[in-house]
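K.L.:
Please read through the structure below; I'll follow up with questions.
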Amino acid sequence: AHSQGRQNLGENLYTMWSSNKVSFTGMGKKASDSWEKEFQDFGWSDVKLTPAGFSSGIGHATQMAWAKSTKLGCGMKLCDGDKKVLVVCQYRDAGNFINQNIYDRK
């Protein structure tokens, strides 16, 4: 579940489980790669975030690309005997506003 009480923050979550112990090494890249992969898996047809586009499954990727999000903070936590890792990234200003541009075309 996403963080509660976030004012003007967008947030992406990534979780990975393993039967073996995991470490933080490379987890930030794995998380961002998985979010970016939404564009490959579901497509991206317009700079404007439409209701259909958002509900198609690209919300993590569009938050990463949201031009008005100018600050980023990420954290990681090992859980379940170091067999699960949680990556959380928060973005200010929040993105993913329906019918607004993800970025401005120059």
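The values are calculated or read from the model by the stated rules, or taken from the named source; none is laboratory data. All figures in this text were calculated on a predicted structure; none of them were measured in a lab. Here Cβ is always computed from backbone atoms with ideal geometry, including for glycine, and neighbour counts include all displayed protein chains.
K.L.:
Being modelled with pLDDT under 95 and either part of a loop (DSSP other than H, G, I, E, B) or over 17 Å from Ser34 (Cα atoms) (or both) is the filter here; which residues of the stretch 78-101 pass it?
P.N.:
Passing the criteria: Leu78, Cys79, Asp80, Gly81, Asp82, Lys83.
K.L.:
Another one. Take the stretch 32-77 and flag every residue that is touching a Cys at 6+ places or on another chain (Cβ under 7 Å) and surrounded by 14 or more Cβ atoms within 10 Å (Cβ to Cβ).
P.N.:
The one that is touching a Cys at 6+ places or on another chain (Cβ under 7 Å) and surrounded by 14 or more Cβ atoms within 10 Å (Cβ to Cβ): Cys74.
K.L.:
What is the one condition in (1) touching a strand residue (DSSP E or B) at 6+ places or on another chain (Cβ under 8 Å); (2) within 22 Å of Ser56 (Cβ to Cβ) that Ser18 does not satisfy?
P.N.:
(2)
K.L.:
Out of all the residues in the stretch 40-91, which are on the phi < 0 side of the Ramachandran plot and among the acidic types (Asp, Glu)? Walk me through how you get there before you give the answer.
P.N.:
Residues of the stretch 40-91 on the phi < 0 side of the Ramachandran plot: 40-42, 44-56, 58-79, 83-91.
Of everything in the stretch 40-91, those that are on the phi < 0 side of the Ramachandran plot and among the acidic types (Asp, Glu) turn out to be Asp41, Asp46.
K.L.:
From Ser45, Ser56, Ser69, which residue is in contact (Cβ under 8 Å) with a residue 24 or more places away in the chain, in contact with a helix residue (DSSP H, G or I) (Cβ under 8 Å, 6 or more places away or on another chain) and not acidic (Asp, Glu)?
P.N.:
Working: Ser45 fails: in contact (Cβ under 8 Å) with a residue 24 or more places away in the chain; Ser56 fails: in contact (Cβ under 8 Å) with a residue 24 or more places away in the chain.
Sole residue among the options that is in contact (Cβ under 8 Å) with a residue 24 or more places away in the chain, in contact with a helix residue (DSSP H, G or I) (Cβ under 8 Å, 6 or more places away or on another chain) and not acidic (Asp, Glu): Ser69.
K.L.:
Turning to a different aspect of this structure: Any residue in the stretch 85-101 that's β-branched (Val, Ile, Thr): show its pairings with residues that are part of a strand (DSSP E or B) and buried (at least 19 other Cβ atoms within 10 Å of the Cβ) at Cβ separation under 7 Å, as long as the two are six or more apart or on different chains.
P.N.:
Val87/Tyr14
K.L.:
Being hydroxyl-bearing (Ser, Thr, Tyr) and touching a strand residue (DSSP E or B) at 6+ places or on another chain (Cβ under 7 Å) is true for just one of Ser69, Ser45, Ser55. Which residue is that? Write out each step before concluding.
P.N.:
On the way: Ser45 fails: touching a strand residue (DSSP E or B) at 6+ places or on another chain (Cβ under 7 Å); Ser55 fails: touching a strand residue (DSSP E or B) at 6+ places or on another chain (Cβ under 7 Å).
Matching residue, one of Ser69, Ser45, Ser55: Ser69.
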